[in-house]
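What follows is a single structure, written as structure tokens, with notes after it.
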């Protein structure tokens, strides 16, 4: 079997990733409004009823906007780390989710989901490793720096989705106030294009060759800069796009084409 990531939206306007294999489907995050989430799923022939769960990375609204409706109206289990759940209740109001402890393995059909800590300005932010009998995929956005844990978790993964949030020069010269620039560029903020490219190179050297770059800032980045930075950093090491690795940049306002651990 293979595991696929289909970004339904990735960025500060809303994050939600459809994770699937041949038999089962669930979401990482549900930060789009419910109607938009439903429409984007419908556009790829997936119904809300097909979802077997939602796992939450952290409590920021661009990751949890539809959680209450999915849980209460649609009766889809929504999972969040034990420390994160009180924040979801505080933000969403009357909300019923399922808590898990760090290190606990969640299951959706034959897929196992394991969280790992990420450095971000939230209560207990996480990324996720998803495995089935034959495949492994890793998801990590909203992180201020690349940790050794992320590199270790990604070792041998067939697919990694990682953040490429901002271009340093655009952030520096952009309109954001100083405190926000400092927050974004900190070790608990977001990942720059260069930090992302360096991480991709390290993962490539450890055997991963399929990547999705996500959570691009609409104010401090462009798709062109993201792609050019990745190509430049990896080319210096002798790695060529399409020959040595495959990379796709996720869209914010529309569904991004699926990438699978089996993608050639």
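Condition first: buried (at least 18 other Cβ atoms within 10 Å of the Cβ) and under 23 Å from residue 249 (Cβ atoms). Now tell me which residues in the stretch 13-24 satisfy that.
14, 15, 16, 17, 18, 19, 20
Going by what's in this entry, would residue 206 be described as closer than 22 Å to residue 8 by Cα and surrounded by fewer than 24 Cβ atoms within 10 Å (Cβ to Cβ)?
Judged against the criteria, residue 206 is not a match.
Have a look at 225, 181 and point out the one that is surrounded by fewer than 20 Cβ atoms within 10 Å (Cβ to Cβ), in a helix (DSSP H, G or I), without any contact (Cβ under 8 Å) to a residue 12 or more places away in the chain and more than 16 Å from the chain's Cα centre (by Cα).
Matching residue, one of 225, 181: 181.
I'd like the full set of residues that are in a loop (DSSP other than H, G, I, E, B) and without any contact (Cβ under 8 Å) to a residue 24 or more places away in the chain, limited to the stretch 165-178.
Once the filter is applied, which keeps residues that are in a loop (DSSP other than H, G, I, E, B) and without any contact (Cβ under 8 Å) to a residue 24 or more places away in the chain, the stretch 165-178 yields only 177.
Out of the residues in the stretch 248-259 that are out of contact with any helix residue (DSSP H, G or I) (no Cβ under 6 Å at 6 or more places or on another chain) and closer than 12 Å to residue 161 by Cβ, state the one that is surrounded by the fewest Cβ atoms within 10 Å (Cβ to Cβ).
258
From the list 171, 234, 216, 201, which residue is within 17 Å of residue 151 (Cβ to Cβ) and surrounded by 18 or more Cβ atoms within 10 Å (Cβ to Cβ)?
234
What is the number of the single condition among (1) within 29 Å of residue 33 (Cα to Cα); (2) not in a strand (DSSP E or B) that residue 207 does not meet?
Every listed condition holds for residue 207 apart from (1).
How many residues are in contact (Cβ under 8 Å) with a residue 12 or more places away in the chain, under 30 Å from residue 183 (Cβ atoms) and over 17 Å from the mean Cα position of the chain (by Cα) if we restrict to the stretch 228-254?
Of the residues in that region, 5 qualify.
Being within 15 Å of residue 76 (Cβ to Cβ), buried (at least 20 other Cβ atoms within 10 Å of the Cβ) and touching a strand residue (DSSP E or B) at 6+ places or on another chain (Cβ under 8 Å) narrows it down to one residue among 56, 64; which is it?
It is 56.
Among the numbered criteria (1) more than 25 Å from residue 25 (Cβ to Cβ); (2) touching a helix residue (DSSP H, G or I) at 6+ places or on another chain (Cβ under 7 Å); (3) surrounded by fewer than 18 Cβ atoms within 10 Å (Cβ to Cβ), which single criterion is violated by residue 83?
(2)
Report yes if residue 114 is part of a strand (DSSP E or B), at negative phi and crowded, with 16+ Cβ neighbours inside 10 Å, otherwise no.
yes
Can you pull out the residues in the stretch 136-145 that are in contact with a strand residue (DSSP E or B) (Cβ under 8 Å, 6 or more places away or on another chain) and either closer than 16 Å to residue 208 by Cα or surrounded by fewer than 20 Cβ atoms within 10 Å (Cβ to Cβ) (or both)?
Of everything in the stretch 136-145, those that are in contact with a strand residue (DSSP E or B) (Cβ under 8 Å, 6 or more places away or on another chain) and either closer than 16 Å to residue 208 by Cα or surrounded by fewer than 20 Cβ atoms within 10 Å (Cβ to Cβ) (or both) turn out to be 136, 137, 138, 139, 140.
Name, by its number, the condition in (1) in contact (Cβ under 8 Å) with a residue 40 or more places away in the chain; (2) out of contact with any strand residue (DSSP E or B) (no Cβ under 8 Å at 6 or more places or on another chain); (3) part of a helix (DSSP H, G or I) that does not hold for residue 152.
So the condition that residue 152 fails would be (1).
Every number in this text was worked out from the coordinates using simple rules, so none of it is lab data. Quick caveat, the model's predicted, so the values are computed rather than measured. Methodologically, a virtual Cβ is constructed for each residue, glycine included, from the backbone with ideal geometry; neighbour enumeration extends over all protein chains shown.
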